[in-house]
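See below for the structure under consideration.
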Amino acid sequence: MNISTWYKQHYESRIKGRYVTLEQLQPIFESYSSNVEISTVGTSEKGISIPMLKIGKGKKVVLAWSQMHGNESTTTKAVLDLLLFLDQDEYFTSEVKHFLKSYTFYVLPILNPDGAIRYTRLNANDVDLNRDAKSRNQQESKVLYDVFNNVEPDLCLNLHDQRTIYGLPTGLPATVSFLAPSADPSRSLTAARKKAMRHIERMNAALQQIIPGQVGRYDDSFNENCVGDHFQQAGVPTILFEAGHYPNDYDREKTREFIFYAFLALFKMDNLIGTSGAHMEYFNIPENQANWKDIIIREVRPPGHQAVMSIAIQYAEELQDDAINFVPRIDLIGNLDAFKGHVEIQGHGATILLNSQENIAVGTEVLSISDKNNPSITFFSA
C-alpha cells in the first residue's frame, strides 16, 4: 500500500468541512490510545479549556498550534490525520516507530476555541492573536507562550489557512504556502531562520511531486507583533503553514491531504510520497500574489455602460446552522486583466442584469447574473 492509498482509506473522516470546533473534536480525542497524552494547558477568554496533545518520546521537540484564527481549520484537520497515522501500528510501522522514537510532538489543535465557535479570525475580544505576540494581552496568547516556555521546542509550526485570492507566477493558485519568518527588520538569515528554510525546502520538494507549481512563499517583512517572527527572534526555528485553495475544493478536503503530506516530509517520512529529494532553494519558491478571484465574468456591459468590462465575484463565508455558507458577492467591476478566476465565464459583450435589476454595486449579494436582452441566458446563478 502506498501512502496516498492509505490516506484515502484511513484519513480522519470524523471531521470534515470548514466549521471545526473543540466540541466536535472531543470524541476524537477520547478515541486515541495511550500513545497520545491529552492535557489542558489553559482557558480561552470565554473560559473554554484549551487542550494540548502530545505524542512521541524523542529528543526533537516540535510545538504546533492550529486555529489561532478560529475560521482557519484546514490544518486542524491535517493534524488529526497525522495523529491518526501515528496512533496506529498496522501500516508503515517502521516510519511510525522512527517518529515516536525521534520526536516529541506537542500540538494545540484549537488555540482560539471562542473564535472557532463564532467562525471568525478574531478571539472573543475581537483581537487577532497573531498580532498579540509582543503585548500578550489575551488569555490565549498567554497560554501559547506558557507552553512555549515549558516544552522548550526545537521547532515551531504556526498553522493557518489563506484566502482564495492568492496565486503564483506559475498561473496556478497557491494551494499551499510557507514562510520562514524574519527575526529582525533587515530579514537577517539567522541560524534559526536558515533551519526553517531547509525544512520548507524539504516540504516543497515533496509537494512539487503532487501539486507542481502550486506551492508559494509568503512575504517575509518583519512584524514584531506576529508570533512566528517573535519565536524566530527568540532563536527557535518557526514555520508558517498556509493552507490555500485547490480547484473545486472550498471545503479544503484536498488541501488537508497536501498538508498531511507536507508533515510527512517535514518529519523525514517523505519516502512515503515519492519525493526525489532534489530540494529547491527557499528563495526560488515563488512569492504569493493576490491575483485571483473566485469567479470572473468577462466581456459584459452593466446597464448604462457602453464599455465592455469584467465582474469579479468573491464568496463570503457565513456561519449558518453550524455550517459554512458560501455567499457570492460582487467584489470588483472594471478591467480585470490582471486577475484570474477559479471559474471564468464569458459574457460575449452582453448587457447584464444583477438579480434581475439594473443596479450593480460592489458588495451586493449575487443571486443571478443574466442577459438583459435574452432572459433565457444566465451567466451565474447562486
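Every read-out reported here was derived from the displayed coordinates using simple, explicitly stated rules and does not represent laboratory data. All values derive from a computational prediction rather than experimental measurement. Cβ sites come from the backbone with ideal geometry, for glycine too, and all protein chains shown count toward neighbours.
Overview of results
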read-out: Where labels lie 7 Å past Cα in the beta-carbon direction, separation of Glu152 and Arg329 in nm; value: 4.9
read-out: Among Thr255, Ala196, Phe241 the positive-end extreme of the charge dipole of region 187-264 (Cβ point charges); value: Ala196
read-out: C-alpha long axis of helix 253-266 to longest principal axis of the chain, angle in °; value: 30
read-out: Charge dipole (debye, nearest 20) of region 3-290; +1 at Cβ of Lys and Arg, -1 at Cβ of Asp and Glu; value: 380
read-out: Region 243-346, relative contact order in percent, only Cα pairs under 8 angstrom and at least six apart counted; value: 23
read-out: Correct choice for Cα extents along the principal axes in Å that was computed from the model, options (1) 82, 49, 43; (2) 70, 47, 47; (3) 84, 45, 42; value: (2)
read-out: Top positive-direction residue, dipole computed over the chain with Cβ charges, set Pro302, Gln24, Ser368; value: Gln24
read-out: Degrees, to the nearest 10: 139-151 long Cα axis against longest axis of the chain; value: 40
read-out: Point-charge dipole on Cβ atoms (K/R +1, D/E -1) for region 26-107, about Cα centre, debye to 20; value: 360
read-out: Convex hull of region 292-381 built on C-alpha atoms - directionally averaged projected area, nm²; value: 5.9
read-out: Percentage of interatomic Cα-Cα distances in region 197-324 larger than 27 Å; value: 39
read-out: Estimated 222 nm signal from helices in the chain, with DSSP H stretches of n ≥ 4 weighted -39500 (n - 2.57), rounded to 500; value: -7500 deg cm²/dmol
read-out: Taking the chain and dividing mean pair separation by its residue count, relative contact order in percent (alpha carbons under 8 Å, at least six apart); value: 15
read-out: Which of Phe148, Asn112, Val215, positive extreme of dipole for region 103-220 (C-beta unit charges); value: Val215
read-out: Modelled FRET efficiency - R0 25 Å, Glu344 with Ser221, Cβ distances, 0.05 increments; value: 0.20
read-out: Length released on extending from Ser356 to His98, taking residue separation times 0.36 nm less the Cα-Cα span; value: 86.7 nm
read-out: Whole-percent pair-distance distribution, where bins are 10 Å wide, for the alpha carbons of region 55-205; value: 10, 31, 39, 18, 2
